[in-house]
Amino acid sequence: MTSPILDVKNLHIRYGGASADAVRGVSFTLGRERLGIVGESGSGKSTVGRALLRLLPSAKITAETMRFEDIELLSLTEKQMLGIRGRRMSMILQDPKFSLNPIRKVGDQVAETYLRHFKCSRKEAGEKAIAMLEAVKIRDPERVCEQYPHEISGGMGQRVMIAMMLLADPDVVIADEPTSALDVTVRLQVLNILDSLVRDRGIGLIMISHDLNLVRNFCDRVLIMYAGRVVETLAARDLDKAQHPYTRGLLAAQPRIGGARAPLAVLDRRPEWLEEVSR
Amino acid sequence: MTVSVETRNLSITFGHGPTALKVLPDVSFLVEPGECFGLVGESGSGKSTILRCISMLTDFWKGDVLINGKSVRDMPLIERCRTLQMVFQDPYGSLHPRQSVRTVLSEPLRIHKLSDHEDRMQKVLTDVGLPVSFLDRFPHQLSGGQRQRVAIARALILEPSLLLLDEPTSALDVSVQAEILNLLQRLRELHGFTYIMVTHDLAVVDHMCDRFAVMLRGEITEILPREAIPGCEATHPYSRELIGASLEYEGHA
């Protein structure tokens, strides 16, 4: 791997008013690859994603380093951060129903990314938006541009968000549960579109998900988080060979097609997992 | 008592005039006593609407819904509530935030004029694997899995025969889902419940259900036994697509 795009060392995050850290000493690097972060709700995986974009105004974020290429993200002013956020690092959120502005036309929302970060006319931005919607395989993008978010389906909404986030041609995309609001049949289409765009453009992708099948199929490497720490890092294809009892517990708890119908294994959460450091 | 459920030519239209939308054109299926029957299909295909029709939460449908041969329309409210209960998808939304578990569980007992409130509440909480001390907790003091257990306890406290499960685990983590699925299996063995379960996850169907119906735009494309999933033995193109996508997603392809 060449020098990483992101380098995070010993990241701690504490929410305002909380008595303990939500994220405790997380370290990882991201190259031009697809990195999965999995864990249960409350494990801190989304918090890490948000901290990278400095989207947690009330939280205290500390780290030895949180470097994006040669920029130390924690030392930037909010104004400098505006030049990074959405332009060089962007985030795809879970549910298009809640993440798109309900009272603005789809086309205007997508074009806004371009207008905000590049000097250009509205017309030019609109053309860029249409081209991008085409790239996420939306048929008849001119018509979709004139529609409001409630007029399009969930799968289309999610593709609109992907278009919006990739329009500025970022180096890093953080996808926070990008498909968990979608039906299985649509989910695969959306993931394949995201996957091919990310690969073609050499974007570093962080895929945050609770879904082990998703990270197994669409990531190169996986971090497994538990209670604010990374307990294990694995190549996605080796997920089934996981060593840590938590990872193994998660895998065993999942019902599988064609599996025995015996009661599913239930996680026996060990107190020592809270303090272990990733190997 | 185990009950059978039959829907015959169930249809429902939302709205009036030119904007009227026929959500279920004509749905018929039979669920055997003690069976776990799955309803799968994409969002908007009418899965949850079927449950809402059976439970009479939505009551302007046409056709017949028969429980052990008796129409739900002819059942008085009290009898209906003792026969069927529903568990909703999101335990964060389906429990009143300002009611303690005790309030949630005692209200049905009061309405149905049942005795031994305390004993019944303690028994049902134990049944769903929660400590009795949880009676005095509020929803915000419970985790997602614990909330869903309370929602199941609320459904069980009137000792119904039919449980309508509307995506009971899709808001939960996989480890918590395992606990809830195990609980539902155990309760079914214990009480001989009939389940109708809406889900979008075919792995859950394969784990829980005996048969399942694949729905598309309000219609049942086909009813399949669970054994048809691993080999994708469906005949309708949409069912094949759905099963194929699920297999691919799990990495079988």
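A single entry from B:Leu51, B:Leu39, B:Leu30, B:Leu10 fulfils the requirement of being aliphatic (A, V, I, L, M), touching a strand residue (DSSP E or B) at 6+ places or on another chain (Cβ under 6 Å) and in a helix (DSSP H, G or I): B:Leu51.
Quick check: anything in the range A:125-135 assigned to a loop (DSSP other than H, G, I, E, B) and within 16 Å of A:Met165 (Cα to Cα)?
No, every residue in the range A:125-135 fails to be assigned to a loop (DSSP other than H, G, I, E, B) and within 16 Å of A:Met165 (Cα to Cα).
Looking only at residues of the range A:247-273 that are within 14 Å of B:Asn182 (Cα to Cα) and more than 7 Å from every other protein chain (Cβ to nearest Cβ), we find that the one that is nearest to the chain's Cα centre (by Cα) is A:Ala252. Considering only residues that are of a type in the set (A, V, I, L, M, F, W, C) and within 26 Å of B:Asp136 (Cβ to Cβ), which ones fall in the range B:70-105? B:Cys81, B:Met86, B:Val87, B:Phe88, B:Leu95, B:Val101, B:Val104, B:Leu105 - these are the residues of the range B:70-105 that are of a type in the set (A, V, I, L, M, F, W, C) and within 26 Å of B:Asp136 (Cβ to Cβ).
Annotation: of all residues in the range A:136-167 being among the charged types (D, E, K, R), part of a helix (DSSP H, G or I) and over 21 Å from A:Ile203 (Cβ atoms), the one that is farthest from the other protein chains (Cβ to nearest Cβ) is A:Glu142. Condition test on B:Leu125, is it closer than 30 Å to B:Phe138 by Cβ, outside any strand (DSSP E or B) and modelled with pLDDT under 95? The answer is yes for B:Leu125. Looking across the range A:237-246, just one residue is closer than 19 Å to A:Ser27 by Cβ and within 11 Å of another protein chain (Cβ to nearest Cβ), and that is A:Tyr246.
In the set A:Ile174, A:Ile193, only one residue is closer than 28 Å to A:Leu52 by Cα, under 21 Å from the mean Cα position of the chain (by Cα) and crowded, with 22+ Cβ neighbours inside 10 Å; that residue is A:Ile174. None of B:Gly231, B:Gly244, B:Gly218 is within 11 Å of chain A (Cβ to nearest Cβ), of a type outside the set (Val, Ile, Thr) and in contact (Cβ under 8 Å) with a residue 12 or more places away in the chain except B:Gly244. Among the listed residues A:Leu56, A:Leu74, A:Leu82, which satisfies the condition of being away from chain B (no Cβ under 14 Å) and either in contact with a helix residue (DSSP H, G or I) (Cβ under 6 Å, 6 or more places away or on another chain) or within 30 Å of B:Gly144 (Cα to Cα) (or both)? Among A:Leu56, A:Leu74, A:Leu82, only A:Leu56 is away from chain B (no Cβ under 14 Å) and either in contact with a helix residue (DSSP H, G or I) (Cβ under 6 Å, 6 or more places away or on another chain) or within 30 Å of B:Gly144 (Cα to Cα) (or both).
The values are calculated or read from the model by the stated rules, or taken from the named source; none is laboratory data. In this text the structure is predicted, and so the values were computed from the model without any measurement. Here Cβ is always computed from backbone atoms with ideal geometry, including for glycine, and neighbour counts include all displayed protein chains.
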